[in-house]
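Trainee: I'd like to ask you about the structure that follows.
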Amino acid sequence: MERLTTDALVLRCRDHGEADRLVHLITPRHGRIRAVARSARRPQSRLTGSLMPATRSVFTLVSGRELYTVTGARGQERFDRLHASLLPMAVATYLMEIADQSLGERDPAPEVYGLLLGLLTLLDAQRDPEALLRAGEVRMLALMGFALDLHRCVRCRGEAQAGAGFAPARGVLCARCRGALAPLGADALAALRSAADLPLPELGREPIPAQARRELGTVLGPALDQRLGRTPRSRAYLQQLLGPGAQDAGEP
Ligand SMILES: [Zn+2]
């Protein structure tokens with residue numbers, strides 16, 4: 001039995017057994033951990049608030065054969081404004097689902113942890129949720145080992161400018177090489193590059209222009225689906241909130 005005290009962000013929480021809850025946590029040094037919180041559904045449980053998805057606490061855990069057990073949680077950071085806003089919360093839920101699905105159990109993941117925590121902080125600070133969403137998608141792909149090339153054409157290596165297309169597996173194709181792929185305007189290309197390149201604290205200061213939002217609506221989803229081997233369940237609701245523009249543009 002190993003006892004562990006660690007910072008952790010709750011990715012997911014569901015009922016387990018008679019009165020328990022099962023949480024999926026992401027921690028900086030121990031990666032993704034699944035842990036049971038015994039009796040957490042009883043009204044007198046002191047753990048309730050700390051088990052909410054998209055909250056961070058310092059957890060005390062004891063390892064078991066398959067699952068950890070939560071023995072305590074303190075120093076809760078709740079991101080209240082995030083939890084009170086539909087679209088920011090849907091973005092957070094979607095990015096946390098991607099992390100949950102892409103991380104192996106107990107593989108150290110300090111970069112993913114730092115990225116999620118930074119994005120939740122910015123969503124809570126009411127930065128533009130869609131810009132943060134695109135940054136989360138591009139950066140999660142990179143952390144999964146599939147960094148996109150967004151500056152040079154992935155086929156001819158020429159500079160990609162307005163009119164370039166997006167190949168889900170790799171990055172951008174210049175206007176000459178893109179074939180039947182839908183063209184991206186200058187704003188969409190700039191937004192993609194900002195999503196990938198800006199320092200984390202600078203993200204989401206500027207909303208993405210409407211036309212670029214439509215163009216980017218579906219280009220990153222297929223890239224993630226390919227890498228995850230499935231479509232995150234929370235994307236449908238997110239796309240509903242983003243509006244029709246996000247669903248019908250850029251289909252190959
Ligand atoms: Zn090219």
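Trainee: Here are some conditions: (1) surrounded by fewer than 21 Cβ atoms within 10 Å (Cβ to Cβ); (2) under 17 Å from the mean Cα position of the chain (by Cα); (3) of a type in the set (A, V, I, L, M); (4) closer than 17 Å to L132 by Cβ. L228 meets all but one. Which one does it not meet?
Mentor: (4)
Trainee: Which of the residues that make up the range 59-95 are polar (S, T, N, Q) and out of contact with any Asp or Glu (no Cβ under 7 Å at 6 or more places or on another chain)?
Mentor: Quick first cut of the range 59-95, residues polar (S, T, N, Q) only: 60, 63, 69, 71, 76, 85, 93.
Of everything in the range 59-95, those that are polar (S, T, N, Q) and out of contact with any Asp or Glu (no Cβ under 7 Å at 6 or more places or on another chain) turn out to be T60, T69, T71, Q76, S85, T93.
Trainee: Here is a list: V70, V62. Which entry is over 25 Å from A135 (Cβ atoms), without any contact (Cβ under 8 Å) to a residue 60 or more places away in the chain and β-branched (V, I, T)?
Mentor: On the way: V62 fails: without any contact (Cβ under 8 Å) to a residue 60 or more places away in the chain.
Only one candidate qualifies: V70.
Trainee: State whether the residues of the range 121-129 include one that is at pLDDT 95 or above, more than 16 Å from the ligand (Cβ to nearest atom), of a type in the set (A, V, I, L, M, F, W, C) and in a loop (DSSP other than H, G, I, E, B).
Mentor: If we filter the range 121-129 for residues that are at pLDDT 95 or above, which is where we start, we get 121-129.
Still in the list and also more than 16 Å from the ligand (Cβ to nearest atom): 121-129.
Next, only the ones that are of a type in the set (A, V, I, L, M, F, W, C) stay: 122-123, 125.
Next cut, in a loop (DSSP other than H, G, I, E, B) only: 125.
Yes; the residues of the range 121-129 include at least one that is at pLDDT 95 or above, more than 16 Å from the ligand (Cβ to nearest atom), of a type in the set (A, V, I, L, M, F, W, C) and in a loop (DSSP other than H, G, I, E, B).
Trainee: Which ones in the range 118-146 are within 20 Å of D107 (Cα to Cα) and out of contact with any Leu (no Cβ under 6 Å at 6 or more places or on another chain)?
Mentor: Within the range 118-146, M140, L141, A142, L143, M144, G145, F146 qualify.
Trainee: Could you list, in sequence order, all residues of the range 156-174 that are more than 25 Å from L238 (Cα to Cα) and surrounded by fewer than 16 Cβ atoms within 10 Å (Cβ to Cβ)?
Mentor: Within the range 156-174, C156, R157, G158, E159, Q161, A162, G163 qualify.
Trainee: Do we find a residue being assigned by TED's automatic domain parsing to the domain that holds Q240, at positive phi and either within 16 Å of the ligand (Cβ to nearest atom) or at pLDDT 95 or above (or both) anywhere in the range 98-108?
Mentor: In the first step, residues of the range 98-108 are kept if they are assigned by TED's automatic domain parsing to the domain that holds Q240; the result is 98-108.
Narrowing further to those that are at positive phi: 106.
Narrowing further to those that are either within 16 Å of the ligand (Cβ to nearest atom) or at pLDDT 95 or above (or both): none.
The answer is no, given that none of the residues of the range 98-108 is assigned by TED's automatic domain parsing to the domain that holds Q240, at positive phi and either within 16 Å of the ligand (Cβ to nearest atom) or at pLDDT 95 or above (or both).
Trainee: Taking the condition of being in a strand (DSSP E or B) and in contact with a helix residue (DSSP H, G or I) (Cβ under 7 Å, 6 or more places away or on another chain), how many residues in the range 49-78 meet it? Steps first, answer last, please.
Mentor: Initially, the range 49-78 is screened for residues in a strand (DSSP E or B), giving 56-63, 68-77.
Those still in the list that are in contact with a helix residue (DSSP H, G or I) (Cβ under 7 Å, 6 or more places away or on another chain) too: 56-57, 73, 76.
Residues that pass the stated criteria total 4.
Trainee: Still on this structure, please answer the following. Right, A90: assigned by TED's automatic domain parsing to the domain that holds V112, surrounded by 16 or more Cβ atoms within 10 Å (Cβ to Cβ) and at negative phi or not? Before you say what the answer is, go through the steps one by one.
Mentor: Details: assigned by TED's automatic domain parsing to the domain that holds V112: yes; surrounded by 16 or more Cβ atoms within 10 Å (Cβ to Cβ): yes; at negative phi: yes.
When the stated conditions are applied, A90 passes them.
Trainee: So if I check each of L181, L148, which one is more than 25 Å from the chain's Cα centre (by Cα), touching a residue at least 12 places away in the same chain (Cβ under 8 Å) and more than 11 Å from the ligand (Cβ to nearest atom)? Please lay out each step first, then the result.
Mentor: Details: L148 fails: more than 25 Å from the chain's Cα centre (by Cα).
Residue meeting the stated conditions: L181.
Trainee: Right, another one. Among the residues of the range 134-145, write down those that are without any contact (Cβ under 8 Å) to a residue 24 or more places away in the chain and on the phi < 0 side of the Ramachandran plot. Step through it out loud before you land on a result.
Mentor: Taking the range 134-145 and keeping what is without any contact (Cβ under 8 Å) to a residue 24 or more places away in the chain, we get 145.
Answer for the range 134-145, where residues must be without any contact (Cβ under 8 Å) to a residue 24 or more places away in the chain and on the phi < 0 side of the Ramachandran plot: there is none.
Trainee: Restricting the first residue to the range 1-21 and requiring it to be not in a strand (DSSP E or B), which pairs with a second residue that is not aromatic (F, W, Y) meet a Cβ separation below 7 Å and a spacing of at least six or different chains?
Mentor: M1/V62; M1/S63; E2/S63; A19/S39; A19/R41; A19/R42
Trainee: Further question: Which of the following residues is within 16 Å of the ligand (Cβ to nearest atom), under 13 Å from V154 (Cβ atoms), in contact with a strand residue (DSSP E or B) (Cβ under 9 Å, 6 or more places away or on another chain) and of a type in the set (K, R): R170, R176?
Mentor: Numbers: R176 fails: in contact with a strand residue (DSSP E or B) (Cβ under 9 Å, 6 or more places away or on another chain).
Selected residue: R170, the only one of R170, R176 that is within 16 Å of the ligand (Cβ to nearest atom), under 13 Å from V154 (Cβ atoms), in contact with a strand residue (DSSP E or B) (Cβ under 9 Å, 6 or more places away or on another chain) and of a type in the set (K, R).
Trainee: Which one is nearest to the ligand (Cβ to nearest atom), of the residues in the range 151-167 that are in a loop (DSSP other than H, G, I, E, B) and within 19 Å of T218 (Cα to Cα)?
Mentor: Taking the range 151-167 first, the residues in a loop (DSSP other than H, G, I, E, B) are 151, 153-158, 160-163.
Checking which are within 19 Å of T218 (Cα to Cα) leaves us with 162-163.
Numbers: A162: 14, G163: 11 Å.
Checked the range 151-167; the qualifying residue nearest to the ligand (Cβ to nearest atom) is G163.
The values are calculated or read from the model by the stated rules, or taken from the named source; none is laboratory data. From a predicted model like this one, the values you see are computed outputs, not experimental measurements. Every residue, glycine among them, receives a Cβ derived from its backbone with ideal geometry; neighbour counts consider all protein chains shown.
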